[in-house]
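Engineer: Below is a structure I'd like to ask you about.
The values are calculated or read from the model by the stated rules, or taken from the named source; none is laboratory data. From a predicted model like this one, the values you see are computed outputs, not experimental measurements. Quick reminder, even Gly has a Cβ in these numbers, built from the backbone with ideal geometry, and neighbours come from all protein chains shown. With ligands, DNA and RNA removed, areas are computed over all heavy atoms of the protein, side chains included. Shrake-Rupley method; radii C 1.70, N 1.55, O 1.52, S 1.80 Å.
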Amino acid sequence: MTQTANQREIPILTYHQIAEAPPRGAVFRSLSVSPNRFRSQMYWLKRLGYLGLSMRELMPFLRGERCGRVVGITFDDGYLNNLSSALPVLQELGFTATCYVVSGLMGGSNVWDHALGVQPSQLMTAAQVRAWSDAGMEVGSHTCTHERLDQLSGPALQDQLQGSRQALEVLLDQPVQQFCYPFGVYRPEQVALVREAGYLAATTTRRGRVRAEDDMFQLHRIPVVRSTSWPQFLVKLLSPHENRYRDQAEAVHG
Ligand SMILES: [Zn+2]
């Protein structure tokens, strides 16, 4: 791959919780990145000359209308610890980020994970989601109830896509234009429905950096997990390393 091609590729980072890890052996412990490590990662982005951007602000770069050293920053599920532990760091650095909120579960917890044995973690209330938005951060939709979309069709699917967008727009009094597929699963024919539901882009759990020719409704991302060390973070960010996973189907958590 040529250097020029590399420069056109845009990394979008995926985070879940910014919190100390649950006890050793806990399920999906990897999805909690410690506040200190998150802070360090964001400061290194800044030092490397990157601007961390929400999906809304990343759009002109993804569309090829603007060029620059940018990285998308996304948080899945809408955890309260995104507001308490990630927001202050993002604000210190002048970065923005997108949090994909489960519109019907605000103020609740990650119930979709409980059956898997994952520890409950608090999701932002509606007021806290508004506070995230008022701070200049973006709110995207992660459906109403974190369903597997491949199991849904008709009005039930429509409600998860359009209903969640409309609920969040009423709450925030502004357009909600970004979507993220729960668990990263969907049927190919559902991609068009996401567009028709009023979104401008959608992210998946497929790995890799975004290329100019990529479908805006099936955007690849780069997962950052608890064990991601500083050298690994650099490799994920600066090299084509993550692209090796682009075409691999793998069990992932969204
Ligand atoms: Zn999720």
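Engineer: Could you check the range 158-169 and list, in sequence order, the residues that are away from the ligand (no atom under 14 Å from the Cβ), closer than 18 Å to Trp112 by Cα and not aliphatic (A, V, I, L, M)? First the steps, then the outcome.
Structural biologist: Residues of the range 158-169 away from the ligand (no atom under 14 Å from the Cβ): 158-159, 161-163, 165-169.
If we keep only those that are closer than 18 Å to Trp112 by Cα as well, we get 159, 161.
Asp159 - this is the single residue of the range 158-169 that is away from the ligand (no atom under 14 Å from the Cβ), closer than 18 Å to Trp112 by Cα and not aliphatic (A, V, I, L, M).
Engineer: To continue, here is another question. Output the number of residues of the range 88-105 satisfying the condition of being surrounded by fewer than 24 Cβ atoms within 10 Å (Cβ to Cβ) and within 14 Å of the ligand (Cβ to nearest atom).
Structural biologist: The total comes to 2.
Engineer: Okay, moving on. Gln218: touching a residue at least 12 places away in the same chain (Cβ under 8 Å), open to solvent by 10 Å² or more (accessible area, probe 1.4 Å) and touching a Cys at 6+ places or on another chain (Cβ under 7 Å), yes or no?
Structural biologist: Against the criterion (touching a residue at least 12 places away in the same chain (Cβ under 8 Å), open to solvent by 10 Å² or more (accessible area, probe 1.4 Å) and touching a Cys at 6+ places or on another chain (Cβ under 7 Å)), Gln218 does not qualify.
Engineer: Out of the range 15-28, which residues are away from the ligand (no atom under 16 Å from the Cβ) and open to solvent by less than 50 Å² (accessible area, probe 1.4 Å)?
Structural biologist: Once the filter is applied, which keeps residues that are away from the ligand (no atom under 16 Å from the Cβ) and open to solvent by less than 50 Å² (accessible area, probe 1.4 Å), the range 15-28 yields Ala21, Pro22, Ala26.
Engineer: Being away from the ligand (no atom under 15 Å from the Cβ) and open to solvent by 50 Å² or more (accessible area, probe 1.4 Å) is true for just one of Ser133, Ser153, Ser85. Which residue is that?
Structural biologist: Numbers: Ser133 fails: open to solvent by 50 Å² or more (accessible area, probe 1.4 Å); Ser85 fails: open to solvent by 50 Å² or more (accessible area, probe 1.4 Å).
After ruling out the rest, the residue left standing is Ser153.
Engineer: Against the condition at pLDDT below 95, under 19 Å from the mean Cα position of the chain (by Cα) and open to solvent by 10 Å² or more (accessible area, probe 1.4 Å), how does Val225 come out, does it pass?
Structural biologist: Yes, satisfied.
Engineer: Search the range 76-115 for residues being of a type in the set (Phe, Trp, Tyr) and in contact with a strand residue (DSSP E or B) (Cβ under 8 Å, 6 or more places away or on another chain), and hand back the single one that is nearest to His142 (Cα to Cα).
Structural biologist: Checking each candidate, the answer is Tyr100.
Engineer: Of everything in the range 116-125 that's out of contact with any strand residue (DSSP E or B) (no Cβ under 7 Å at 6 or more places or on another chain) and open to solvent by 40 Å² or more (accessible area, probe 1.4 Å), which residue is nearest to His142 (Cα to Cα)?
Structural biologist: Here the answer is Thr125.
Engineer: Determine whether the range 170-187 contains at least one residue that is of a type outside the set (Val, Ile, Thr), within 14 Å of the ligand (Cβ to nearest atom) and without any contact (Cβ under 8 Å) to a residue 60 or more places away in the chain.
Structural biologist: Yes, the conditions are met somewhere in the range 170-187.
Engineer: Within the range 146-182, which residues are within 25 Å of Gly72 (Cβ to Cβ) and either part of a loop (DSSP other than H, G, I, E, B) or at pLDDT below 95 (or both)?
Structural biologist: Step one: filter the range 146-182 for residues within 25 Å of Gly72 (Cβ to Cβ), giving 146-150, 160-162, 164-169, 171-182.
Passing the criteria: His146, Glu147, Arg148, Asp173, Gln174, Pro175, Val176, Gln177, Tyr181.
Engineer: A further question follows. If the requirement is being of a type in the set (Gly, Ala, Ser), under 19 Å from Leu237 (Cα atoms), open to solvent by 20 Å² or more (accessible area, probe 1.4 Å) and in contact with a helix residue (DSSP H, G or I) (Cβ under 7 Å, 6 or more places away or on another chain), which of these qualifies: Gly49, Gly68?
Structural biologist: Being of a type in the set (Gly, Ala, Ser), under 19 Å from Leu237 (Cα atoms), open to solvent by 20 Å² or more (accessible area, probe 1.4 Å) and in contact with a helix residue (DSSP H, G or I) (Cβ under 7 Å, 6 or more places away or on another chain) holds for just one of Gly49, Gly68, which is Gly68.
Engineer: Condition (residue is β-branched (Val, Ile, Thr) and open to solvent by 50 Å² or more (accessible area, probe 1.4 Å)) applied to the range 174-194: is it met by at least one residue?
Structural biologist: no
Engineer: Further, regarding this structure: Does Trp112 satisfy the condition of being open to solvent by less than 50 Å² (accessible area, probe 1.4 Å), more than 16 Å from the chain's Cα centre (by Cα) and in contact (Cβ under 8 Å) with a residue 40 or more places away in the chain?
Structural biologist: Taking the combined requirement at face value, the residue satisfies it.
Engineer: Moving on. Which count do you get for residues in the range 188-213 that are part of a loop (DSSP other than H, G, I, E, B) and without any contact (Cβ under 8 Å) to a residue 12 or more places away in the chain?
Structural biologist: 1
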